[in-house]
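In what follows, a single structure is set out as structure tokens and then discussed.
The values are calculated or read from the model by the stated rules, or taken from the named source; none is laboratory data. Not measured: the values here are computed from a predicted model. Here Cβ is always computed from backbone atoms with ideal geometry, including for glycine, and neighbour counts include all displayed protein chains.
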Amino acid sequence: MLYHLYETQRALMAPFSEFASASAKLYNHPLSPFTHVPMAQRVSAGFDLLHRLAKEYEKPPFAITSATVDGIEVAVQEQVALSKPFCRLLRFKRFTDDTRALTVMKSQPTVLVVAPLSGHHSTLLRDTVKSLLHDHKVFITDWTDARMVPLEVGPFHLDDYVAYVQEFIRHIGPNVHVISVCQPTVPVLAAVSLMASAGEPTPRTMTMMGGPIDARRSPTAVNNLAMNKSHSWFENNVIFRVPQNFPGAGRRVYPGFLQHTGFVAMNPDRHMSSHYDYFKDLIRGDDDSAESHRQFYDEYNAVLDMPAEYYLETIKVVFQDFALCNGNWFVRGELVRPQDIRSTALLTIEGELDDISGAGQTRAAHELCSGIAKERQFHYDAMGAGHYGIFAGKRWREKVYPEVRAFIARYDAEAAAKPARKRSAAA
């Protein structure tokens, strides 16, 4: 019922949002006579802010059309490498006519970025992808809004998430380097563990960033909510059916608007201050700062619905039973054994000020992956970085990314050198 009420409210607010947008332009357009009335700039700023608070935010595009490789600008085209009912595997294919750049690109490592399925769209990792494209061939998981998936497709479980990751790794090939950001650190570790247990080739490296591998360590407000409420509480209070005006009508989901409300509630003062600063930027005519605000909130306010079974199972497995850490997590009847991973190098990254995944939660992966030699295990603390700072923004670009790039390059070169050494020994 709550979802239907929300959709009703959204439909009622749509005309007011459009009216506010038109009014903001009326008091700001250079050819409008209202631009010259007293307080016109303040009135325009107020209407603009009202429009942004009331509007509906659609999934934004990645909009990545170019990258710089070895000092040369190359074109980037977004391609669908593999399509599944609940996810698309996207590839950012780079093109150039420059022979030197083409040679460099062919020799660069391949990276699979596993984006979180936890409320926001995968475009939240746009900055991550942009940086990686300078030095890597890049794939990313693009999760589908559950309300857009017809009910007859069937459910989507946490086990299905793990199976998707495995299928994507197999599709790209064993030479891939996997980067998981936040929530997917757990299913990615499970996917690689199961592949290792089955004797399959595993990725050359795993980079795990700000994820709840062991949510018992330094629990945050997010962790405490999941730990202190019963499984039935979540099922009865945050799970709703998709209204009739969407393709997934009738599907049980955890609505994106509830997740977004939770995000805002964690730091309400910060968001109020940000909106007020935006209002003042509009009055001052600071277009660059205003545009920066728009870009951030266009992304932050765009959310998706999660399948109910996946969400509830994640709460239980990761935050209540701690099944991965306790060694009793079974995926489709197979026990998840991280200690079976041997050939894959491991890098964990945590943000000093992360208020979503606390200190030590991601680092716990090293204890679980006891089969990986200690000299192939690394950890990096991003000082001064919050949760988003470890994969986006200045700290990501200047501090975190150089660590990730060097780690991948080291083990990609090592793996590439092994066949050459074998051929030399045979000769």
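Worth a mention:
- Considered as a group, the residues in segment 77-90 that are surrounded by fewer than 20 Cβ atoms within 10 Å (Cβ to Cβ) and in contact with a Leu (Cβ under 9 Å, 6 or more places away or on another chain) include one that is nearest to His120 (Cα to Cα), and that residue is Arg88.
- Among the residues of segment 11-70, those identified as polar (S, T, N, Q) and either at positive phi or touching a Ser or Thr at 6+ places or on another chain (Cβ under 9 Å) (or both) are Ser23, Asn28, Thr35, Gln41, Ser44.
- Taken over segment 343-358, the criterion of being small (Gly, Ala, Ser) and in contact with a strand residue (DSSP E or B) (Cβ under 6 Å, 6 or more places away or on another chain) is satisfied by Ala345, Gly351.
- Among residues of segment 87-115 being β-branched (Val, Ile, Thr) and not in a strand (DSSP E or B), the one that is farthest from the chain's Cα centre (by Cα) is Thr99.
- Test: Asp159 is touching a strand residue (DSSP E or B) at 6+ places or on another chain (Cβ under 7 Å) and either surrounded by 17 or more Cβ atoms within 10 Å (Cβ to Cβ) or part of a strand (DSSP E or B) (or both): yes
- For first residues located in segment 205-223 and under 30 Å from Ser343 (Cβ atoms), partners that are acidic (Asp, Glu) and lie 6+ apart or on another chain with Cβ distances below 7 Å form the pairs Gly210/Glu350; Gly210/Asp354.
- Within segment 300-329, if we keep just the residues that are under 24 Å from Gly358 (Cβ atoms) and among the charged types (D, E, K, R), the residue that is surrounded by the most Cβ atoms within 10 Å (Cβ to Cβ) turns out to be Glu313.
- Some residue of segment 67-75 being in contact (Cβ under 8 Å) with a residue 60 or more places away in the chain, crowded, with 16+ Cβ neighbours inside 10 Å and outside any helix (DSSP H, G or I): yes
- Tally of residues being of a type outside the set (A, V, I, L, M), in a loop (DSSP other than H, G, I, E, B) and either touching a helix residue (DSSP H, G or I) at 6+ places or on another chain (Cβ under 7 Å) or crowded, with 21+ Cβ neighbours inside 10 Å (or both) across segment 122-137: 2
- Residue count, segment 162-183 (criterion: within 21 Å of the chain's Cα centre (by Cα), in a loop (DSSP other than H, G, I, E, B) and within 25 Å of Lys93 (Cβ to Cβ)): 1
- Residue check, Gln108 out of contact with any Cys (no Cβ under 7 Å at 6 or more places or on another chain), closer than 30 Å to Phe246 by Cα and without any contact (Cβ under 8 Å) to a residue 60 or more places away in the chain: no
- Exactly one residue out of Thr68, Thr35 is modelled with pLDDT of 90 or more and of a type in the set (Val, Ile, Thr): that is Thr68.
- Screening segment 317-427 for helices (runs of 4 or more DSSP H) wholly inside it with 3 or more residues that are at pLDDT below 95 and in the same structural domain as Asn224 (by TED's automatic domain parsing) returns the ranges 401-426.
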